[in-house]
Amino acid sequence: MASGSKKVVYAALIANAFIAVIKFIAAAITGSSAMFSEGIHTTVDTGNQIMLLLGLRRAKKQPDKLHPFGYGKEIYFWSFVVAIMVFAIGAGISIYEGIHSVMDPHPVENAIVSYAVLATAMVITGIAWYFAWREFIKVKGDRGYFEAVQKEKNPTTFVVLFEDSAALLGLCVAMAGIAISQWTGMPVFDGIASIIIGLILATTATWLAYETKGLLIGESADPQILREIDETISTYDSIKNVNEALTLHMGPNFVLLNLSVDFQDGLTATKIENTTEELTIEIKKRFPLIKRVFVESENASDT
């Protein structure tokens, strides 16, 4: 999954870097506010891909004394920063530029340049979007789309998918704004398009922030894994009851498991130690995402 996510981010990075340059050139030639907003949007997206790659790289760092469970949550932090960047810079500048253009409208010059650039950007962004969509479908499995986003623990894929989807929608709005401005002879529509692009970015950023916030704070493993853990423990005759099973995602591919179990009365210390070791080995083998297991021996009445 990590390899696929990195390919998606690289595809988006290359596409956005190229598109940002031609959008700014087109904005300078045409004087289009919507085109300038699109240039800002794509530049922010380019920076976001760099931050996601940084997060993926830092998440691979090995555990140390200060971070005994590793750096897996780095990717959650940088995904949240991406959401803030989209909102603060992308949406903020686009809305500001749009309001300025509405208050002081100027005709779009050489509109054919804008159309050519926007059409090219749609094709390139569409290719990057396809890579993100294909990776998202892989991790989605049999789940619904909204459920897949809510339960996916590796945010990079859906972050890029959201960004590319917003980019395609923004391109359509920019093209419509320029076309309506030409058709009506009212350049104010170019500024309105810029404001709409900013609102699209603000909505996308809000959703991204909401989805990544839960991961950053800490989410449990899939409920199905917890049910299967209970089933596994029930096969051990020496364990009378599972008092509590707590899981926490320390990263996309790292789950921490803390078990509180009530052992059968009269067991020797050696038997308890052997059972704990066997259970830990079996859980890690059956659930590769679970990297660390802590088992507490407690009476059911004490929990």
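Here is a check on your reading of the model: is G55 surrounded by 15 or more Cβ atoms within 10 Å (Cβ to Cβ), in the same structural domain as V8 (by TED's automatic domain parsing) and on the phi > 0 side of the Ramachandran plot?
Criteria not met by G55.
Does the stretch 195-215 include one or more residues that are assigned by TED's automatic domain parsing to the domain that holds E152, part of a helix (DSSP H, G or I) and in contact with a Leu (Cβ under 7 Å, 6 or more places away or on another chain)?
Yes, the stretch 195-215 contains at least one residue that is assigned by TED's automatic domain parsing to the domain that holds E152, part of a helix (DSSP H, G or I) and in contact with a Leu (Cβ under 7 Å, 6 or more places away or on another chain).
Considering only the stretch 144-190, state which residues are of a type in the set (S, T, N, Q) and either over 26 Å from M103 (Cβ atoms) or surrounded by fewer than 18 Cβ atoms within 10 Å (Cβ to Cβ) (or both).
Q150, N154, T156, T157, S165, Q182, T184
List pairs: first residue in the stretch 78-107 and touching a residue at least 40 places away in the same chain (Cβ under 8 Å), second residue not in a helix (DSSP H, G or I) anywhere in the structure, Cβ distance under 8 angstrom, at least six positions apart or on different chains.
So the pair list comes out as S101/P187; P105/M186; P105/P187; H106/G31; H106/P187; P107/G31; P107/P187.
Within the stretch 236-303, which strands (runs of 3 or more DSSP E) (wholly inside it) include 2 or more residues that are among the hydrophobic types (A, V, I, L, M, F, W, C) and within 24 Å of F77 (Cα to Cα)?
Filter on the stretch 236-303 gives 239-251, 254-263.
Can you pull out the helices (runs of 4 or more DSSP H) entirely within the stretch 67-176 that have at least 2 residues that are in contact with a Leu (Cβ under 6 Å, 6 or more places away or on another chain) and closer than 19 Å to V21 by Cα?
Fully inside the stretch 67-176 and qualifying: 111-140.
Let's see how each residue does on (1) in contact with a Phe, Trp or Tyr (Cβ under 8 Å, 6 or more places away or on another chain); (2) surrounded by fewer than 19 Cβ atoms within 10 Å (Cβ to Cβ):
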| position | (1), (2) |
| --- | --- |
| Y236 | no, yes |
| K240 | yes, yes |
| L246 | no, yes |
| P252 | no, no |
| F263 | no, no |
| E277 | no, yes |
| S297 | yes, yes |
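Among K23, K6, K73, which is the only one that is in contact with a strand residue (DSSP E or B) (Cβ under 7 Å, 6 or more places away or on another chain), among the charged types (D, E, K, R) and surrounded by 15 or more Cβ atoms within 10 Å (Cβ to Cβ)?
K73
Could you list all residues from the stretch 279-291 that are touching a Phe, Trp or Tyr at 6+ places or on another chain (Cβ under 7 Å) and not aliphatic (A, V, I, L, M)?
K291
With respect to T46, is the statement that it is within 23 Å of the chain's Cα centre (by Cα), under 17 Å from C172 (Cβ atoms) and touching a residue at least 12 places away in the same chain (Cβ under 8 Å) true?
Here the answer is no, as T46 does not meet what is asked.
Check the stretch 22-41 and report whether any residue there is within 21 Å of T157 (Cα to Cα) and of a type in the set (A, V, I, L, M, F, W, C).
No, every residue in the stretch 22-41 fails to be within 21 Å of T157 (Cα to Cα) and of a type in the set (A, V, I, L, M, F, W, C).
How many residues does the stretch 266-275 hold that are surrounded by fewer than 17 Cβ atoms within 10 Å (Cβ to Cβ) and either touching a residue at least 24 places away in the same chain (Cβ under 8 Å) or touching a helix residue (DSSP H, G or I) at 6+ places or on another chain (Cβ under 7 Å) (or both)?
Looking only at that region, the number is 2.
Please determine whether any residue of the stretch 141-153 is within 18 Å of T206 (Cβ to Cβ), hydrophobic (A, V, I, L, M, F, W, C) and free of Cβ contacts under 8 Å to residues at least 12 places away in the same chain.
yes
Only one of these is more than 26 Å from K6 (Cβ to Cβ), of a type outside the set (A, V, I, L, M, F, W, C) and surrounded by fewer than 20 Cβ atoms within 10 Å (Cβ to Cβ): K61, K65. Name it.
The match here is K65.
Against the definition (surrounded by 17 or more Cβ atoms within 10 Å (Cβ to Cβ) and touching a helix residue (DSSP H, G or I) at 6+ places or on another chain (Cβ under 8 Å)), how does I93 come out, yes or no?
yes
The values are calculated or read from the model by the stated rules, or taken from the named source; none is laboratory data. This is a predicted model, so every value here is computed, not measured. Note that each Cβ is placed from the backbone with ideal geometry, even for glycine, and that neighbours are counted across all protein chains shown.
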